[in-house]
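Reviewing the structure listed below.
The values are calculated or read from the model by the stated rules, or taken from the named source; none is laboratory data. Values in this document were obtained by computation on a predicted structure and should not be read as measured data. Here the Cβ is made from the backbone with ideal geometry for all residues, glycine too, and neighbour counts use every protein chain on show.
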């Protein structure tokens, strides 16, 4: 049998075709526009997602036995607000995860309603990117649109609705809306009331590996795919990517060094750190996860290489670094502010420790180490909750650097596993579709049989000890300078 994973990203939809053994048969990608109608705003037209996804499925299945396509599932950009009217028509463009218009609403939730009350309802506090502040913004600024709302959906769930006719949402993606009681895996009645909406306006909840419906007859005929093809709930992009890297079950970890950076820790037990420094979300395997998200990771290295020293030869610059653990230069990687664990939009990138003998290689090394130290900040929060992590998977563009992988292994003092196929949320989506069809008994079994580790970076005792000392110094820099940031922004 064949399974389709749909990764609905911010700039493109990536579709992957996988067989029942986990072999990837084909991958296609189709782009769509991103709109910035005002400074700080970020929107997309859900119909663009649908059109390109439909064409992408056609292209993906053009050369296969279409009768074998048994399931379609998803990974998708989180937090976006899609609102439908009584005719299931889109009311306004979707407001995306990286839209910054809701600071007033975020402050209202955190400061007037109060972080403790919000966290008690949802296990999280408000961030400008989350969905609930966007609903409050529409209520305040577009009251006519607010009155029309019949259904509130997330981006990937709009695709699932168009394919199946079912208004659905999975628990991992719902966790990022600030409308979901993560511990009890249900909509929070109190948060819905705070936002002025009802449970009837919310989609039906499913676990990520559950079937929400089957392919509509008219689409089955159009695509020449059986109408028995299951449409499976899927997951938010980070949770779907975690499935694709085998980060499921208890105490598993994945580090992503993409444009932004995440440390994703799976757990069978629900847990929230007292300061809400990490996001506490439901996981696609039916359990839970904690996630630290830093806004600038590999993008820090790209900025340093491309904009500051003016080179595209990243490998050559890193080859000059030969004294790990001995650098006296430190870098705070907060080029776009910071989310986890500081939640400070005013934080800024900072070099400290420069002297007349500081070299170009020292500063390049400081950038790589600064990102690793910032990931450890979130890692330390997880450890404070009693979570024991001995190894991690690693993915993303930055993870292609052997040097950066070595730094991560020794800064965190854990083993770093390199996986064979790194296809992120699209592979995770296809795996969830296979689980829903009974190819595997659980998400954990699918990960065990499909995800292959091809190399492991071991921490070195002497180097890890040097980085332990360096991290303790790094950890003192942000608290010392944070009050300056609001004066200089």
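Starting from residues that are free of Cβ contacts under 8 Å to residues at least 12 places away in the same chain and part of a loop (DSSP other than H, G, I, E, B), keep the ones in the range 174-212 and report whichever is nearest to residue 133 (Cα to Cα). First the steps, then the outcome.
Taking the range 174-212 and keeping what is free of Cβ contacts under 8 Å to residues at least 12 places away in the same chain, we get 184, 189, 193, 198, 200.
Cutting the leftovers down to part of a loop (DSSP other than H, G, I, E, B) gives us 184, 198.
Working: 184: 22, 198: 16 Å.
Result: 198.
In the range 16-47, how many residues are assigned to a loop (DSSP other than H, G, I, E, B), in contact with a strand residue (DSSP E or B) (Cβ under 8 Å, 6 or more places away or on another chain) and over 30 Å from residue 102 (Cβ atoms)?
Residues meeting the conditions: 1.
Taking the stated definitions as given, is residue 92 touching a helix residue (DSSP H, G or I) at 6+ places or on another chain (Cβ under 8 Å), over 30 Å from residue 272 (Cβ atoms) and free of Cβ contacts under 8 Å to residues at least 60 places away in the same chain?
Values: touching a helix residue (DSSP H, G or I) at 6+ places or on another chain (Cβ under 8 Å): yes; over 30 Å from residue 272 (Cβ atoms): yes; free of Cβ contacts under 8 Å to residues at least 60 places away in the same chain: yes.
In short, yes.
Kindly establish whether residue 270 is modelled with pLDDT of 90 or more and either within 12 Å of the chain's Cα centre (by Cα) or closer than 13 Å to residue 78 by Cβ (or both). Steps first, please.
Numbers: modelled with pLDDT of 90 or more: yes; either within 12 Å of the chain's Cα centre (by Cα) or closer than 13 Å to residue 78 by Cβ (or both): no.
No, not satisfied.
Among all residue pairs at least 6 apart or on different chains, which show Cβ distances below 6 Å where the first residue, located in the range 261-278, is farther than 16 Å from residue 339 by Cβ and the second is modelled with pLDDT under 85 and in a strand (DSSP E or B)?
none
How about the range 365-394: which of its residues are buried (at least 23 other Cβ atoms within 10 Å of the Cβ) and within 25 Å of residue 273 (Cα to Cα)?
Selection gives 370, 371, 372, 373, 374, 375, 378, 379, 382, 392, 393, 394.
Table: residues versus (1) in a helix (DSSP H, G or I); (2) modelled with pLDDT of 95 or more; (3) more than 27 Å from residue 183 (Cα to Cα).
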position: 6; (1), (2), (3): no, yes, yes
position: 14; (1), (2), (3): no, yes, yes
position: 49; (1), (2), (3): yes, yes, yes
position: 82; (1), (2), (3): no, yes, no
position: 87; (1), (2), (3): no, yes, yes
position: 105; (1), (2), (3): yes, yes, no
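For residue 353, state whether it is at positive phi, surrounded by fewer than 18 Cβ atoms within 10 Å (Cβ to Cβ), touching a residue at least 12 places away in the same chain (Cβ under 8 Å) and in the same structural domain as residue 482 (by TED's automatic domain parsing).
Taking the combined requirement at face value, the residue satisfies it.
Return yes when residue 456 is surrounded by 22 or more Cβ atoms within 10 Å (Cβ to Cβ) and not in a helix (DSSP H, G or I) and no when it is not.
Against the criterion (surrounded by 22 or more Cβ atoms within 10 Å (Cβ to Cβ) and not in a helix (DSSP H, G or I)), residue 456 does not qualify.
When the range 398-441 is examined, which residues are found to be touching a helix residue (DSSP H, G or I) at 6+ places or on another chain (Cβ under 7 Å), touching a residue at least 24 places away in the same chain (Cβ under 8 Å) and in a loop (DSSP other than H, G, I, E, B)?
Across the range 398-441, the qualifying residues are 401, 413, 421, 423.
Looking at 98, 124, can you tell me which residue is part of a loop (DSSP other than H, G, I, E, B) and either modelled with pLDDT of 95 or more or in contact with a strand residue (DSSP E or B) (Cβ under 7 Å, 6 or more places away or on another chain) (or both)?
When all the criteria are applied, what remains is 124.
Please pick out the residue among 139, 183, 204, 147 that is over 21 Å from the mean Cα position of the chain (by Cα), assigned by TED's automatic domain parsing to the domain that holds residue 69, surrounded by fewer than 18 Cβ atoms within 10 Å (Cβ to Cβ) and under 30 Å from residue 273 (Cα atoms).
Result: 204 is the single residue among 139, 183, 204, 147 that is over 21 Å from the mean Cα position of the chain (by Cα), assigned by TED's automatic domain parsing to the domain that holds residue 69, surrounded by fewer than 18 Cβ atoms within 10 Å (Cβ to Cβ) and under 30 Å from residue 273 (Cα atoms).
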